[in-house]
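Read the figures in this text as sums done on the coordinates, not as results from a lab. These numbers come from a predicted model, not from an experiment. Virtual Cβ from ideal backbone geometry, glycine too; neighbours counted across all protein chains shown.
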Amino acid sequence: MSANLTIPVHGSRSVIGHSTRNLPIELIRFGMGPITSLLIGGVHGDEPEGFLFAERFVEDLQDGALSLPEDLSVFVVPRMNPDGCAVDRRTNARNVDLNRNLPTKDWTSDFTNPRYFPGLEAGSEVESAATVSLLEALKPGMIISLHSYEHAMINYNGDCLDLAKCMEKSNGLPPKSDIGYPTPGSLGTFAGWEREIPTITLEILRGQLPDDAYKQHARAVLDGLAFYVSQP
Ligand SMILES: [Zn+2]
């Protein structure tokens, strides 16, 4: 399945996999430029601040309210964990925290809180397999993953403090390389540290109203996605 992943053209969608409960995991593309960035929402299904943002961002790109630099292709997966998003649950339908299940070198089956259940094996979940094959197919130049947390921040993984600072100018959140606890199996570790893909985990303030979150972060996300267009 993953070998047949279809990369969409500008303005169109493809399905990059199916969730445990067989919901489609959708990928939407804007722009056909050579510089590729990836925006992900809804890894944690109880963080609507992230996936509602991603869906509105897609709408605004579709109807032209937002526009992109010419050299850019922006790929968006609004809901990487559609089963969790459908029922306001952090984990996927097998109770696995998808941001602890990616096959990182430091992956461990240890966990202390069931919220962070990493699964029985690294990369065991269909949603994780979809994530891994998507990264292999797109080879994005940077990634922003949208989450929410009581401590809003721009968590950056990989050599991308410059990118985080660019986003800080627009949204005022502090760039931090460390969220305060270890996250083996996370996208930041898998993509940012191990594959050297600049990776931002944007932690929107938990509970912020969707309109307010969008106002605070739309420009920051757009600037972040475009950041490497302006770099030598
Ligand atoms: Zn999260």
query = Hey, with R₀ at 30 Å, roughly what FRET efficiency would residue 159 and residue 88 work out to, going by the Cβ-Cβ distance, to 0.05?
reply = 0.25
ask   = Is there a pair in 105/165; 139/215; 169/215 whose C-alpha atoms are over 24 Å apart, and which pairs would that be?
value = 105/165; 139/215
Per-peptide average of other Cβ atoms within 10 Å, ordering 213-225, 16-28 highest first = 213-225, 16-28
note = Taking the reciprocal of mean 1/r across every pair of different Cα atoms in the chain, the Kirkwood radius in Å is 17.3 Å
request  = Work out the charge dipole of the chain with +1 on the Cβ of Lys and Arg and -1 on the Cβ of Asp and Glu about the Cα centre, then indicate which of 138, 182, 218 is farthest towards its positive end.
outcome  = 138
ask   = For labels at residue 230 and residue 206 in the simple 7 Å Cα→Cβ model, what's the distance in nm?
value = 3.4 nm
inquiry  = Quick check: net charge around residue 62, other residues with Cβ under 15 Å of its Cβ, Lys/Arg +1 and Asp/Glu -1?
reply    = -2
message = Running a GNM on the chain with Cα contacts under 10 Å, which residue among 104, 36, 112 ends up with the highest mean-square fluctuation?
response = 112
note = The long-range amide H neighbours of residue 79, using H built 1.01 Å from N in the peptide plane and a cut-off of under 5 Å, are 26, 41
